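Working notes for the structure below.
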Amino acid sequence: MKRLFAGTIAAVVIASLAGCGSDEPESSAAETTTLTVYAASSLTKAFEEIGRNFESSHDGVEVRFNFAGSSDLVAQIQEGAPADVFASADEANMDKLTADDLTGSEPHTFASNTLEIAVPPGNPARVKTFADLADKGLNLVICAPEVPCGAAAQQAADSAGVELKPVSEEQSVTDVLAKVTSGEADAGLVYATDVMAAGNDVEGIEFPESASAAVVYPIATVAEPENVDLAQEFVDLVLDETGQSILKDAGFAPAP
Amino acid sequence: MLLPLVAILARTPWSRFFELITSEASREALLLSLRTSSTSTLLCILLGVPMAVVLARTSFRGQGILRSLVLLPLVLPPVVGGIALLYTFGRRGLLGETFEVLGMQVAFSTTAVVMAQTFVAMPFLVVSLEGALRTAGQKYEVVAASLGAGPTTVFRRVTLPLVLPGLASGAVLAFARSLGEFGATITFAGSLQGVTRTLPLEIYLRRETDAQAAVALSLVLVVVAVLVIGFARQGRSAL
């Protein structure tokens, strides 16, 4: 039995080694260069399109993305993950990277995002204003104050002078959105881009207090990237008109 | 198996340990976890014992299917379990309106946490107990019945004492599984301090801002788990 098991392991190891071997000559034969971009999850749609744009203007370049929460991405880069470009959903996480001397260029802000009230289609609880969110009996879901979208919600509530009593403080903005689309929550606070991406599953309600709680997205190249020039060109593309118009279509506001 | 535990010990911020684990949020999360896990273990026993008896002592068409259904939560990713519960007991779920009419709201309540835990932990109890029942066999039950004991007396005086160790280890497993429950809880019950934020949810949230606090709390969970297992062992050898 033991021998059979060891044999299986050996077979698997050999098979996977063989797999590696056959992969490498293939990629070097095609002479492709890979640019690795780490970006906050809220940027997924917009950055994928910017990536396609970049690939079509750069022959033999493949843009690979790693979309996750900004703090997870920072942790990965700090542990030595091979990133060329980093785009964060808030300045605090970019600051962590600059503090560790892990950025290759000065961070530039390239977009901002504001909060909107998301309600299920038809708005069953008839929410109209930010103050309505404090109503008793309303199932309000927001992000926990520990994550950027929760910090923004707290800021909006403070500036509106409204005390929010959420029934749940979620881990991420996608969790909040899921509670609203499933109809569990009567209202949730999410980003304008999330409302746009959710399409017909939710209705978005803008509110003036969100202006005080806008989050700003910075981008920078990571220290010692494999392709300094390519990384910088990608950052430039995000900052110029092409990138900006794609971001605008995804619901982002221009950087302040 | 041991290496990850050693890694947690090595990364634990001992100087701030007590301050971290005695913060209000941590205490509430731990108490909530212990409370909900005990309740769901009790529910598992109440619902799981009859189920195990039916599976072990009877045979009927479709029993195999029933057993597979009972075991399903064991192989299902907890998140899927959470989604299933949401579509059953959520406000727009199959039974959601019935609950609403009764003036009960399951979503975002501690009840939802207990339901999620019971859902994922039940198979552990049923499997252990069914195994114990089958191993114990029916010899003694038949003898007891032939001596004039009614079915209730047979179950209480003969069957139950025989399978008690199996029931106990099943209950411990169910408790441990409830304590660690994360996926179904976060999808079905939400996360609010003191109401639905159990220890695993608190750990996951703390990681966002204070990795050291997350490590400290993880160690607490490890210690509680070790205590539960040790306690169960002692209980078993005493039986």
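The values are calculated or read from the model by the stated rules, or taken from the named source; none is laboratory data. All of these numbers come straight from a predicted model, not from anything done at the bench. FYI the Cβ positions are ideal-geometry reconstructions off the backbone, even for glycines, and counts take in every protein chain you see. For accessibility, only protein heavy atoms count, side chains too; no ligands or nucleic acids. Shrake-Rupley method; radii C 1.70, N 1.55, O 1.52, S 1.80 Å.
Observations, loosely collected:
- Checking B:Pro73, B:Pro78, B:Pro50 one by one, the residue that is out of contact with any strand residue (DSSP E or B) (no Cβ under 6 Å at 6 or more places or on another chain) and without any contact (Cβ under 8 Å) to a residue 40 or more places away in the chain is B:Pro50 and no other.
- Restricting segment A:77-96 to residues that are aliphatic (A, V, I, L, M) and in a helix (DSSP H, G or I) leaves a set whose member that is modelled with the lowest pLDDT is A:Ala92.
- The test for being more than 17 Å from B:Pro123 (Cα to Cα), open to solvent by 40 Å² or more (accessible area, probe 1.4 Å) and among the β-branched types (Val, Ile, Thr) holds for B:Thr98.
- One residue from A:Gln154, A:Gln232 being under 30 Å from A:Gln78 (Cα atoms), within 14 Å of chain B (Cβ to nearest Cβ) and at pLDDT 90 or above: A:Gln154
- One residue from A:Val167, A:Val147, A:Val162 being within 13 Å of chain B (Cβ to nearest Cβ) and without any contact (Cβ under 8 Å) to a residue 60 or more places away in the chain: A:Val167
- Qualifying residue in segment B:113-135 (condition: away from chain A (no Cβ under 14 Å), out of contact with any helix residue (DSSP H, G or I) (no Cβ under 9 Å at 6 or more places or on another chain) and open to solvent by 80 Å² or more (accessible area, probe 1.4 Å)): no
- A:Gly19 being at pLDDT 50 or above and either of a type outside the set (Ser, Thr, Tyr) or in contact with a Cys (Cβ under 8 Å, 6 or more places away or on another chain) (or both): no
- So B:Leu3, is it more than 25 Å from B:Ala121 (Cβ to Cβ), out of contact with any Gly (no Cβ under 8 Å at 6 or more places or on another chain) and open to solvent by 70 Å² or more (accessible area, probe 1.4 Å): yes
- Flag for A:Glu116 being in contact with a strand residue (DSSP E or B) (Cβ under 7 Å, 6 or more places away or on another chain), under 18 Å from A:Phe252 (Cβ atoms) and open to solvent by 50 Å² or more (accessible area, probe 1.4 Å): no
- Residue, nearest to the other protein chains (Cβ to nearest Cβ), within segment B:188-222, restricted to residues that are within 19 Å of the chain's Cα centre (by Cα) and charged (D, E, K, R): B:Arg197
- Residue that is nearest to A:Ala178 (Cα to Cα), among those in segment B:38-97 that are among the polar types (S, T, N, Q) and either more than 14 Å from chain A (Cβ to nearest Cβ) or outside any helix (DSSP H, G or I) (or both): B:Ser40
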